[in-house]
1. To the nearest 10 square angstrom, what accessible area does M67 show with a 1.4 Å probe?
2. Probe 1.4 Å, all protein chains in place: accessible area of V39 in Å², nearest 10?
3. Of I129, I109, which has the most accessible area and how do the rest follow, probe 1.4 Å?
4. Could you order L66, L140 so the one with the most accessible surface comes first? Probe is 1.4 Å.
5. Equivalent ellipsoid semi-axes for the range 111-212, as square roots of 5 times the alpha carbon gyration tensor eigenvalues: give them largest first, rounded to whole Å.
6. Ordering Y10, Y131, Y179 by how much accessible area each has at a 1.4 Å probe, largest first, what is the list?
7. Just tell me which lysines come within less than 28 Å, Cα to Cα, of K182; anything on the same chain fewer than 8 places away is out.
8. At a probe size of 1.4 Å, how large is the accessible area of E161, to the nearest 10 Å²?
Amino acid sequence: CLYSHEKPSYMNSHIANCRSEPLTRIRQSVQGPDVIDFVHELAADGYLPSAEYAQRFFVTYDIECLMSQSMDFTSEELEEYEIDNYGDDERKYHNIVTIAAMTSDGEKICFPREDMETSSAKKLLVMFINYLLHVRKTMLESLPECITQGIEYYSGELAGERRKTYSIEQAAALSKKLYYLKDFTKLKIYSWCGERYDLTLMFPNLASVLWH
């Protein structure tokens, strides 16, 4: 296992739960034949180009790291950090140095880190986030106008006094259509094992950047 983290509590938690075999979770759900009838209704009402219309635009990304010796721990955290558990890799952790991305259109870009200062990691993430915002803006510019009109219509129907004119079932049906249309405005971002590795390493600085 190559997992590593700069926070001792995260490392200790991983050591306690790490397995030699990957854990696979499978969930199955049974749905009726009318589960997507509302999609055909959206197309018939003119809020979708067709019932088969789907968003196929997305971005993939990958990070590269170097093992770093220096760690910004307090003395109490260093005492908690059990060096004997890590062998030759004692007090080393994965430090992000580059973020590479590619869109479904084949556009490629790579963001390098300036140096190993903590502030540089935050600058790297700021560049990456700004790039994703730019890509999403470009995606929205090509979004069919009928989808935007549908979002405005259903948002209006579910707002304020208008919502009170619908039964619970009718309001739920409108909400389902609104949620489906809004999904077209979301930029899909994918990464191989990103939830378990990439995001885990990016999250501390990512949370700091988004907070400020």
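1. In the full protein context, M67 sits at about 90 Å².
2. Accessible area, nearest 10 Å²: 10 Å².
3. Final ranking, largest accessible area leading: I109, I129.
4. Values: L66 95, L140 55 Å².
If we order L66, L140 from most to least accessible, we get L66, L140.
5. Values for the range 111-212, descending: 38, 16, 13 Å.
6. My answer, sorted largest first, is Y179, Y10, Y131.
7. K108, K137, K164
8. 130 Å²
The values are calculated or read from the model by the stated rules, or taken from the named source; none is laboratory data. Just so it is clear, the model here is predicted, and its values are computed rather than measured. What goes into the accessible areas is simple: the full protein's heavy atoms, side chains included, and nothing from ligands, DNA or RNA. Shrake-Rupley method; radii C 1.70, N 1.55, O 1.52, S 1.80 Å.
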